[in-house]
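Engineer: Pasting a structure here, questions to come.
Any read-out appearing in this document is the output of simple, stated calculations on the displayed coordinates, not a laboratory observation. Predicted, not measured: the structure shown is a model, and the values here were computed from it. Counting neighbours? That spans all protein chains shown, and the Cβs are built from the backbone with ideal geometry, glycine included.
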Amino acid sequence: MSVECETGFAQLALTQPLLRAVEEQGYQSPSPIQAQAIPALLEGRDLLGQAQTGTGKTAAFALPLLQGLETGVRRPQVLVLAPTRELAGQVCDAVKTYGKYLQGVRVLPIYGGAGYREQLQGLKQGAQVVVGTPGRILDHIQRGTLDLSGLKMLVLDEADEMLRMGFIDDVETILEKTPEQRQVVLFSATMPKEIRRVADNYLKDPVTVKIAAKTATAEGISQEYYFVPGPRKQEALTRIIEVEDFDAMIIFARTKQATAELADRLIAAGHAASALNGDMNQQLRERTVDRLKKGGLDIVVATDVAARGLDVSRISHVLNFDLPTDLESYVHRIGRTGRAGREGKAIALVSSKDKRLLRAIERHTRKTMTEATLPTQAQLAERREAAFKEKVAGVLASDEDLGFYTRLLTSIQRDHQLPAKDVGAALLAMIDADRQLQPQPEPPVKAPRGERNERPQARNGRGTERRESAPRERRVRDKGKDVDMVRYRIAVGRDHGVQPKHIVGAIANEAGMESRYIGHIKLHDDHSMVDLPDGMPKEIFQHLKRVRVCGHPLSIQKMGG
Ligand code: ADP
Ligand code: MG
């Protein structure tokens, strides 16, 4: 055996099936909390552990609990309580993963939002490990469907968060219902006095493990901030997203409403984005996280609570649209990147009133954050141009047969008696219908709030302003006069490969409408919504029905009409 193994998991007196699973996960050595907690838990001690997210707490309790299971006994032996359904789900998956080489282990998630019938069935079939949220667990206990008489271990994961979410009474009630002789494990990122009190009351002579906050800010996460006045944050965000090389990004905003609005804007700008907040039901949230994991989404705009514990290794960037007011939340947020030893980047948008907070964060994480400057319009244009050229080069380098297009080009040239350069330029202008490639003027420093059409327009009135439109805004200002907007449904969407600019281009060209009159566009999978000025002439409407975007007819319909 190699020396590495000696300092690794093998030293922890774990059984072979568990070591095999851990090795398969690519873990080389136990994290500090694992190194301290695993031996204590294997000895049967109670444990009080304080460590931030991302320190490997799940394996710290999951491995010993698995080792202690009597797999022949088909009744609940271990109960894990977690604050949210997401976290309970993650723990459940982790326990299954670590226990995959043990025979006959049954792990059952129990939380609200999932079907009672399956839960009852799972309990009847004899799950040994039950993982759930306090409310639903208590529910089952009170109905007599969850038998805790054989319980050997109770794990309270993220206890401070359970406190914060108002579950502490439920947790205590559950503790009271467990057998006297059970082992109790309590993990918490912080140690408020209510948690301390629970620990004092229910843990017997616990081993205390505290991982210094210093290691909380995962190494390998670079941190930078942009100094941006509040009203310009939206625009700063779109620029940053355009220049950052990211795999997946999570954006944090303070309110649920802000997450929804930001997500809408990003979607309208053509990004695969979604909100993740407490207004979404359990299923939808799970689906969102799953899509992020699998690459169906690149950007998730979340609140702290909804993103807590989120473990998606694709997340290369965390962007704090607003800084959180408490320091622990900041640490949790940036801990969503740099997972599983990868590098991560944390970016913050900081306005003048946040400056003191920024310093406090620096002191807390014991790291300085570097100030970055926003890319200018010229730099953005340069980047777009480079990307565009690369695309063209890609086609030229491929073995695609361009014969048809060469002939077409020659024929156009002949018709107009023009050099290829001129025809080529016209074609490029057509492709760049919304003039994204051309450098755009810088917006004024003090952007008036909410007045989208006072932002600078792209040269020909088309442009990226679509990104700026407020989702619920139904009015556009026409040289000072307000114009009422009407919402239309069009039968093209993301599934057709459509982007907002295509829709703008088609409607602007076909309806002879200046693109600044085209309001908010919201893309869905198989259709989209677009706001257009009231009073559209009938002929234009009839014509628009037949207009095709990306090969599909718009089939435009007035909403509610
Ligand atoms: P916590 O519960 O403390 O937030 P997790 O248990 O969710 O942390 O683990 C965080 C991440 O670290 C997970 O992706 C997990 O797979 C990984 N991890 C856990 N233990 C180790 C280890 N010993 N070596 C490498 N990665 C690990
Ligand atoms: Mg955890």
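Engineer: List the aspartates and glutamates whose Cα lies under 17 Å from the Cα of Lys421, skipping any in the same chain that are fewer than 8 positions away.
Structural biologist: Qualifying aspartates and glutamates at Cα under 17 Å: Asp432.
Engineer: Using 21 Å as the Cα-Cα cut-off, could you pick out the over-long pairs in Lys538/Lys558; Lys345/Lys389; Lys193/Lys256; Lys193/Lys367; Lys233/Lys353? Could you put the intermediate results ahead of the total?
Structural biologist: Numbers: Lys538/Lys558 12 Å; Lys345/Lys389 28 Å; Lys193/Lys256 29 Å; Lys193/Lys367 28 Å; Lys233/Lys353 14 Å.
In this structure, Lys345/Lys389; Lys193/Lys256; Lys193/Lys367 lie more than 21 Å apart at Cα.
Engineer: Just to confirm my numbers, what's the Cα centroid distance between the stretch 317-385 and the stretch 128-151 in Å?
Structural biologist: The stretch 317-385 and the stretch 128-151 have Cα centres spaced 41 Å from each other.
Engineer: Also, I was wondering about something else. Could you give the length gained on full extension between Arg75 and Thr373, defined as 0.36 nm per residue of separation minus the Cα-Cα distance, in nm?
Structural biologist: Taking Arg75 through Thr373 to full extension adds about 101.4 nm, to one decimal.
Engineer: Which FRET efficiency, nearest 0.05, do Glu224 and Asn281 yield, Cβ-Cβ r, R0 35 Å?
Structural biologist: With a Förster radius of 35 Å, E is 0.50.
Engineer: Something else: If the chain between Gln557 and Asn509 were fully stretched, how many nm would it gain, using 0.36 nm times the residue separation less the Cα-Cα distance? Don't jump to the answer; show the numbers that get you there.
Structural biologist: On the way: separation 48, 0.36 × 48 = 17.28 nm, distance 1.84 nm.
Here the segment from Gln557 to Asn509 would lengthen by 15.4 nm.
Engineer: The chain: longest stretch without exposed trypsin sites (Lys or Arg not before Pro) (DSSP loop, at most 11 other Cβ within 10 Å), sites themselves excluded?
Structural biologist: On the way: sites that count: Lys204, Arg366, Lys446, Arg449, Arg472, Lys479.
Formally, the longest exposed-site-free interval is 1-203.
Engineer: Can I ask one more? Convert 10 °C to kelvin, take the viscosity as 1.306 mPa s, use the Kirkwood radius over C-alpha pairs of the stretch 16-168 as Rh, and evaluate the Stokes-Einstein diffusion coefficient in µm²/s, rounded to a whole number. Write down the numbers at each step before the final one.
Structural biologist: Details: Rh = 15.7 Å.
So the translational diffusion coefficient is about 101 µm²/s.
Engineer: Moving on. Out of all DSSP beta bridges in the chain, what portion is antiparallel? Express it as a percent rounded to 5. Don't skip to the end; give the middle numbers.
Structural biologist: On the way: 17 of 68 bridges.
That works out to approximately 25 percent antiparallel.
Engineer: Would you kindly derive the ³J(HN,Hα) couplings of the stretch 95-100 from the backbone phi angles with the Karplus curve 6.51 cos²θ - 1.76 cosθ + 1.60 (θ = phi - 60°), listing them in order in whole Hz, with x for Gly and Pro?
Structural biologist: With coefficients 6.51, -1.76 and 1.60, one gets 4, 4, 5, 5, x, 5 Hz.
Engineer: Evaluate the distance, in nm, between pseudo-label points positioned 7 Å from the Cα of Glu172 and of Thr325 along their respective Cα→Cβ axes.
Structural biologist: The two pseudo-label positions are separated by 2.7 nm.
Engineer: Are there GluC sites (Glu not before Pro) in the stretch 330-383 that DSSP puts in a loop and that have at most 12 other Cβ atoms within 10 Å, and which ones?
Structural biologist: Working: sites: Glu343, Glu362, Glu371, Glu382; in loops: Glu343.
Those satisfying the criteria are Glu343.
Engineer: According to the Cα gyration tensor, what semi-axes, each the square root of 5 times an eigenvalue, does the equivalent ellipsoid of the chain have, listed from largest to smallest in whole Å? Walk me through the numbers before you get to the answer.
Structural biologist: Numbers: eigenvalues 554, 127, 119 Å².
Equivalent ellipsoid of the chain: 53, 25, 24 Å, largest first.
Engineer: Under a straight-distance cross-link criterion of Cα-Cα below 22 Å, which lysines are reachable from Lys96, leaving out those fewer than 8 residues away in the same chain?
Structural biologist: Correct list for Lys96: Lys57, Lys124, Lys152, Lys293, Lys294.
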